[in-house]
Every structure is written in structure tokens, then in C-alpha cells.
């Protein structure tokens, strides 16, 4: 069977949450949030049972990025923004018992951004 080189290759990652659930997820993409053009929506496809896959969106407001830049004297690059958003997703896996039912959308705030990036050593 031939593969279509035009289709993006998805890297499925696995994460075992502190609650014992094993999640599989991959990054779908990012876009301007439909309801707020001053926010970027990062979209992940997630499965906790390998049967049902559902989208989880993490919203990163431009205001949070500007706040971080004013405190640290520089802007975050794309990789650092993605790193913070991915860590927010993993934090949700640890904190929310049923992500499919009650964790499909979440927003990044300044405090969480600061905590997650400092954990990575990003200053």
C-alpha cells in the first residue's frame, strides 16, 4: 500500500496521568480562536481508551503572551509557546478525572504560564 506524502505524519504521544489514566494525544494544529481573534487556539486529539478520540483545545490569549514578555523583557518564540500549551494539556490530564466530559477546552492564564515555563527553565 502506497502512502500519500501530502498527508502530515502525526506523532502520537503517550502520557500516564497521576490519576493512573493513560492518554494518547497528538497535536493537530493552531489557529486564531473563532470567538476571539486575539487568542490562539491549540488543538490536540486525545484518547484515554484507544477507542474514542476527541478534540481538546487550549486557548492562549495574546494578553498572556504580552504580560509574560513585559515581565521577562522578551517575547516567547513559537516552540516555547507550544511547550507551555503542551504542559497545560498534561496538567489537565493530571487534574481532571474525566477530560472528555469536563476538560475539552481550557484557557491559559498568566499565573499558569509563569509556573509552567519556569518549570522548563524558560526565563
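The values are calculated or read from the model by the stated rules, or taken from the named source; none is laboratory data. Please read all numbers here as calculations on a predicted model, not as lab measurements. Neighbour counts are summed over all protein chains in view; Cβ atoms, including those assigned to glycine, are modelled from backbone coordinates with ideal geometry.
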Could you please find all residues in segment 104-123 being part of a helix (DSSP H, G or I) and either over 14 Å from the mean Cα position of the chain (by Cα) or loosely packed, with under 11 Cβ neighbours inside 10 Å (or both)?
-> 110, 111, 114, 115, 118, 119, 120
Restricting segment 81-101 to residues that are buried (at least 21 other Cβ atoms within 10 Å of the Cβ) and more than 15 Å from residue 115 (Cα to Cα), the one farthest from the chain's Cα centre (by Cα) turns out to be 99
Single match in 79, 101 (criterion: assigned to a helix (DSSP H, G or I), free of Cβ contacts under 8 Å to residues at least 12 places away in the same chain and farther than 21 Å from residue 24 by Cβ) = 79
Is it true that residue 64 is surrounded by 13 or more Cβ atoms within 10 Å (Cβ to Cβ) and modelled with pLDDT of 95 or more?
-> yes
Mind checking which residues of segment 44-60 are surrounded by 15 or more Cβ atoms within 10 Å (Cβ to Cβ) and in a strand (DSSP E or B)?
-> 44, 45, 46, 47, 56, 57, 58, 59, 60
